[in-house]
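Notes follow once the structure below has been shown.
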Amino acid sequence: MKIGGVYFFTDDGPDPVEFAQAAESYQFESLFLPEHTHFPLSRRTPYPAAYGGGELPTFYLHTLDQIVTLSMIAARTSTLTLGTGICLLAQHDAISKAKELATLDYLSDGRLIAGVGFGWNQDEAEAHGVVWKNRFGIIRDKVKVMQALWTQDEASFEGTHASLAPSWSWPKPKQVGGPKIYLGGAGPTTMRHAAQWADTWYVVPPPDDPTLEKSIPKFWEIVDEVGRDRSTIGIAVASAPPDPAVLERYVAQGVERAALWINPASSPSEGMANLESVAKVLAEFSG
């Protein structure tokens, strides 16, 4: 199982390039960056219990732009796999996002994983014009648009929520077929969508199932139900607890990658210290 990290970079935390270079030196295989554009003051959407519940952590309000930050990191690292973990794709134009991700993959020599997700903040999504109840189909169709642009010289796609008239677009991603699509989240709806069209289910462990020993068997049942060959889809863990015992349970269940949760910090020194602390867990597990 490959071990990476996930970190919320903010304007008051560690320098992203220094952090990523340190992660690479600690032998982290990948680094995933979440995304939020803004938070309307209405705050009608409660902070999910799955993420801790209660008050919204302040790091959400200070998050750096995902693609700009990944681009800076890509330019100053050489082995680190780069992940959008996750991109709130419903909030973006699919053609522009396809160009961004293709360019990032091309310039980073094929190091990108394209994680997408349905999101949890209805206020944020609706500010972008997203019809909340349609977000599942919107993201599915936008992924199909991106994949058409990545793989077809004369690209086209006809969907319910997003379509593409025959078009040219280059560069193509360095990875043949384009970056892998990781679909982030948990629960039966996300499981079903992942089973139908994602390359990998990027599961956030539910509070009542941190080792995923209840969730993973349910996922495979859904994969079988939709008629997908199990060998064509993987499982990765988002915001995995930095606990060797839990990681061993993931390995036993065939998880392909775990992105360890690294606590965000409001100072550069604290952020680097949090990375070093999780790196010790990585060393213990890998050793």
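Values as computed for the structure displayed
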| read-out | value |
| --- | --- |
| Given (1) more than 26 Å from R257 (Cβ to Cβ); (2) of a type in the set (K, R); (3) under 20 Å from the mean Cα position of the chain (by Cα), number of the condition K144 does not satisfy | (1) |
| Residue pairs meeting the criteria (Cβ under 7 Å; at least 6 apart or on separate chains; first surrounded by fewer than 15 Cβ atoms within 10 Å (Cβ to Cβ), in segment 36-49; second in a loop (DSSP other than H, G, I, E, B)) | P48/W120; A49/P207 |
| Qualifying residue in segment 106-113 (condition: charged (D, E, K, R), part of a loop (DSSP other than H, G, I, E, B) and closer than 24 Å to A279 by Cα) | yes |
| Answer residue from segment 84-96, given it is free of Cβ contacts under 8 Å to residues at least 60 places away in the same chain and closer than 12 Å to I181 by Cβ and is farthest from the chain's Cα centre (by Cα) among those | L89 |
| Residue tally, condition touching a residue at least 12 places away in the same chain (Cβ under 8 Å), of a type in the set (A, V, I, L, M, F, W, C) and either closer than 25 Å to S108 by Cα or in contact with a Cys (Cβ under 8 Å, 6 or more places away or on another chain) (or both), over segment 50-74 | 6 |
| Some residue of segment 181-190 being in a helix (DSSP H, G or I) and either among the polar types (S, T, N, Q) or at positive phi (or both) | yes |
| Residue satisfying condition, being of a type in the set (S, T, Y) and closer than 30 Å to G177 by Cα, within set T45, T37, T58 | T37 |
| Every residue from segment 23-57 that is in contact with a helix residue (DSSP H, G or I) (Cβ under 8 Å, 6 or more places away or on another chain) and of a type in the set (D, E, K, R) | E35, R43, R44 |
| For S25: the one exception among (1) touching a residue at least 24 places away in the same chain (Cβ under 8 Å); (2) hydroxyl-bearing (S, T, Y); (3) surrounded by fewer than 22 Cβ atoms within 10 Å (Cβ to Cβ) | (1) |
| In segment 123-175, the residues that are free of Cβ contacts under 8 Å to residues at least 12 places away in the same chain, closer than 26 Å to P46 by Cβ and acidic (D, E) | E126 |
| G178 touching a residue at least 24 places away in the same chain (Cβ under 8 Å) and at positive phi | yes |
| Residue that is farthest from T84 (Cα to Cα), among those in segment 192-236 that are in contact (Cβ under 8 Å) with a residue 40 or more places away in the chain and aromatic (F, W, Y) | W197 |
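Residue by residue, here is whether (1) surrounded by fewer than 22 Cβ atoms within 10 Å (Cβ to Cβ); (2) in contact with a strand residue (DSSP E or B) (Cβ under 9 Å, 6 or more places away or on another chain) holds:
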position: A75; (1), (2): yes, no
position: G83; (1), (2): no, yes
position: L89; (1), (2): no, yes
position: I95; (1), (2): yes, yes
position: K99; (1), (2): yes, no
position: V116; (1), (2): no, yes
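Read-outs throughout are calculated quantities, based only on the coordinates presented, and are distinct from any laboratory measurement. What you see is a predicted model, and the numbers here were worked out from it, not measured in a lab. Please note: Cβ atoms are built from the backbone with ideal geometry, for glycine as well, and neighbour counts cover all protein chains shown.
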